[in-house]
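Read through the structure below, which is laid out as structure tokens, and then see the notes.
Please treat every number below as a calculation from the coordinates, not as lab data. The shown structure was predicted, so the numbers you read here are calculated from the model rather than taken from an experiment. Note that each Cβ is placed from the backbone with ideal geometry, even for glycine, and that neighbours are counted across all protein chains shown.
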Amino acid sequence: DAGVIQSPRHEVTEMGQEVTLRCKPISGHNSLFWYRQTMMRGLELLIYFNNNVPIDDSGMPEDRFSAKMPNASFSTLKIQPSEPRDSAVYFCASGWRRFSGNTIYFGEGSWLTVV
Amino acid sequence: DQQVKQNSPSLSVQEGRISILNCDYTNSMFDYFLWYKKYPAEGPTFLISISSIKDKNEDGRFTVFLNKSAKHLSLHIVPSQPGDSAVYFCAASGEETSGSRLTFGEGTQLTVNP
């Protein structure tokens, strides 16, 4: 079975450029999450979607960050303009939301370096 | 406000011995807890979970214990193997407070020495 697929795996970009990270969740899952991992803050949730609808975007650091989920099989996280402090690993995860708990499965991550 | 805390950033054990990783939480509305393992340059992988209606869940060498009154959970790995060396994250969720989102601890680096 295909897991969560993220692209690109690695991205190096110059400050001020637009960055778009992509995610294909596991087929059949109805929840999708974007996490960011940094040394200082560990794994922090940026935004999550249920049935393609954004539910909680309180973790999005500022207006430079935006996320979309146009359909059940695709999501993007966009940073415009990018800054060096955005350098981190960005993980996408998906799961099946149910009342009694939610196990989510992560992609391999997109390693972003902004210089 | 760190609702899930792993106070030990690192743990080192000998191969064959027991590894015990600890996690504390503050939100009493959390009702589902998970452990993830992460190798360098890979995404976290789901390891084991436990619902708040239980106090123990076992899967092979891995056992998770939940003490609701103390708001504490632990992961036991017996026997530990060098391949278990990784960062372990505990996570928690609660339908009432956060829906399907998971709140993660900071992680504990486990090193199993041959």
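Descriptive notes on the structure:
- Here the Karplus curve 6.51 cos²θ - 1.76 cosθ + 1.60, taken at θ = phi - 60°, turns the phi angles of region A:47-64 into couplings of 7, 9, 10, 10, 6, 6, 9, x, 9, 8, 10, 5, x, 5, x, 6, 5, 5 Hz, with x standing for Gly and Pro.
- Sequence-ordered 3J(HN,Hα) estimates for region B:50-55 from the Karplus curve with 6.51, -1.76 and 1.60 and θ = phi - 60° stand at 8, 8, 5, 7, 10, 10 Hz, glycine and proline given as x.
- Here chain A is treated with +1 on each Lys and Arg Cβ and -1 on each Asp and Glu Cβ, and its dipole about the Cα centre works out to around 320 debye.
- Here is the size of the protein assembly as shown from its Cα atoms: Rg then Dmax, 17.6, 51 Å.
- Partner chain coverage, peptide B:84-92 - average Cβ within 10 angstrom: 1
- Estimated 222 nm signal from helices in the protein assembly as shown, with DSSP H stretches of n ≥ 4 weighted -39500 (n - 2.57), rounded to 500: 0 deg cm²/dmol
- Shape summary of chain A, radius of gyration then Dmax from alpha carbon positions: 13.5, 44 Å.
- Calculation over all alpha carbon pairs of chain B in 10 angstrom steps from 0 returns a P(r) of 15, 49, 30, 6, 0 percent.
- Taken residue by residue and averaged, Cβ atoms of other chains lying within 10 Å of the Cβ of A:39-47 number 3.
- Most simply put, the protein assembly as shown has about 90% antiparallel DSSP beta bridges, counting only bridges with both residues inside it.
- Alpha-carbon radius of gyration plus Dmax, which is the widest Cα pair, for region A:51-99 in Å: 12.4, 39
- Exceeding the 31 Å Cα-Cα cut-off - candidates A:78/B:54; B:37/B:68; B:5/B:56; A:24/B:37; B:37/B:71: A:78/B:54
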